[in-house]
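Colleague: The structure under discussion is supplied below as structure tokens; questions concerning it will follow.
The values are calculated or read from the model by the stated rules, or taken from the named source; none is laboratory data. All values reported here derive from a predicted model rather than from experimental measurement. Here the Cβ positions follow ideal geometry from the backbone for every residue, glycine too, while neighbour counts run over all protein chains shown.
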Amino acid sequence: MNAAVRAELRRPDGSPVRALVVDDEPTLADLLSMALRYEGWDVRSAGDGLAAVTSGREFRPDVVVLDVMLPDIDGFEVLRRLRADNPDVPVLFLTARDAVEDRVAGITAGGDDYVTKPFSLEEVVARLRGLLRRAAVATAVRGDAGLVVGDLTLDEDSHEVFRGGDQIDLTATEFELLRFLMRNPRRVLSKAQILDRVWNYDFGGQSNIVELYISYLRKKIDAGRTPMIHTVRGAGYVLKPAG
């Protein structure tokens, strides 16, 4: 990777991005750590959940690669404890299982993305770069006016979202997805477009994650109200004012 791209992913103070790799397979943890160090990142690893929680508190990572199956506490509990200390840290789940319920569980638990073993190191690095860019956008945008579609408002500075005067709490990924929809009101956005803009990787059979996040966003935005997020069969999704 060239120096210009690496500089993009440095912390605001100019220091290297910090990544925590959590996996109980030493060989895999070492390979992931080497790949991320090659990116110029500062990397620590942990082989079990309790060590991961301790490292998270001491190291304060900017992004976490987290195996679901660990020898002590599982990845979901690790995530809960990490987020108690660092609420906004992006997390990429690793899972050896490809069942839909496992992916749903990871997203429901608050994970920002997931990959299923076996995976390529290049894919993991690309996903992590996307999470970091998305997190940076979510915290660095300043001075822009809020977005308004119907009775839905989104403040890009404060990260506050309201519908009809009721505040809605969103994860960083949900916020970015909603912002993309609100910046393109009444425009049908394909899954490929959403993946490219929100997840920052090419469309390649990963449409399920878009469906999952649209589902969870609907539960927060449209629950008990006239729907604003609509599915256009065979085309994608569109956000329109209610009514």
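Colleague: Just one of the numbered conditions (1) more than 13 Å from Leu128 (Cα to Cα); (2) in a helix (DSSP H, G or I) is not true of Asp88; which one?
Modeller: If we test Asp88 against (1) more than 13 Å from Leu128 (Cα to Cα); (2) in a helix (DSSP H, G or I), just (2) comes out false.
Colleague: Of all residues in segment 102-143, which are modelled with pLDDT of 80 or more, assigned to a helix (DSSP H, G or I), out of contact with any Pro (no Cβ under 6 Å at 6 or more places or on another chain) and not small (Gly, Ala, Ser)?
Modeller: Leu121, Glu122, Glu123, Val124, Val125, Arg127, Leu128, Arg129, Leu132 - these are the residues of segment 102-143 that are modelled with pLDDT of 80 or more, assigned to a helix (DSSP H, G or I), out of contact with any Pro (no Cβ under 6 Å at 6 or more places or on another chain) and not small (Gly, Ala, Ser).
Colleague: Every residue in segment 63-81 that is among the acidic types (Asp, Glu) and buried (at least 24 other Cβ atoms within 10 Å of the Cβ), please.
Modeller: Asp67
Colleague: Is it fair to say Leu94 is in the same structural domain as Leu132 (by TED's automatic domain parsing), surrounded by 15 or more Cβ atoms within 10 Å (Cβ to Cβ) and either of a type in the set (D, E, K, R) or at pLDDT 90 or above (or both)?
Modeller: Against the criterion (in the same structural domain as Leu132 (by TED's automatic domain parsing), surrounded by 15 or more Cβ atoms within 10 Å (Cβ to Cβ) and either of a type in the set (D, E, K, R) or at pLDDT 90 or above (or both)), Leu94 does not qualify.
Colleague: List every residue pair whose Cβ atoms sit under 6 Å apart, with the two residues 6 or more apart in sequence or on different chains, where the first one lies in segment 16-35 and is not assigned by TED's automatic domain parsing to the domain that holds Asp62 and the second, anywhere, is surrounded by 15 or more Cβ atoms within 10 Å (Cβ to Cβ) and not in a helix (DSSP H, G or I).
Modeller: As it stands, the answer is none, since no pair meets every condition given.
Colleague: Now, a different point. Where residues in segment 176-201 are among the aliphatic types (A, V, I, L, M) and under 16 Å from the mean Cα position of the chain (by Cα), which of them is surrounded by the fewest Cβ atoms within 10 Å (Cβ to Cβ)? Give the steps one after another, and end with the answer.
Modeller: Step one: of segment 176-201, the residues among the aliphatic types (A, V, I, L, M) are 177-178, 181-182, 188-189, 192, 194-195, 198.
With the extra rule that they be under 16 Å from the mean Cα position of the chain (by Cα), the set shrinks to 177-178, 194-195, 198.
Details: Leu177: 25, Leu178: 25, Ile194: 21, Leu195: 19, Val198: 22.
The selected residue is Leu195.
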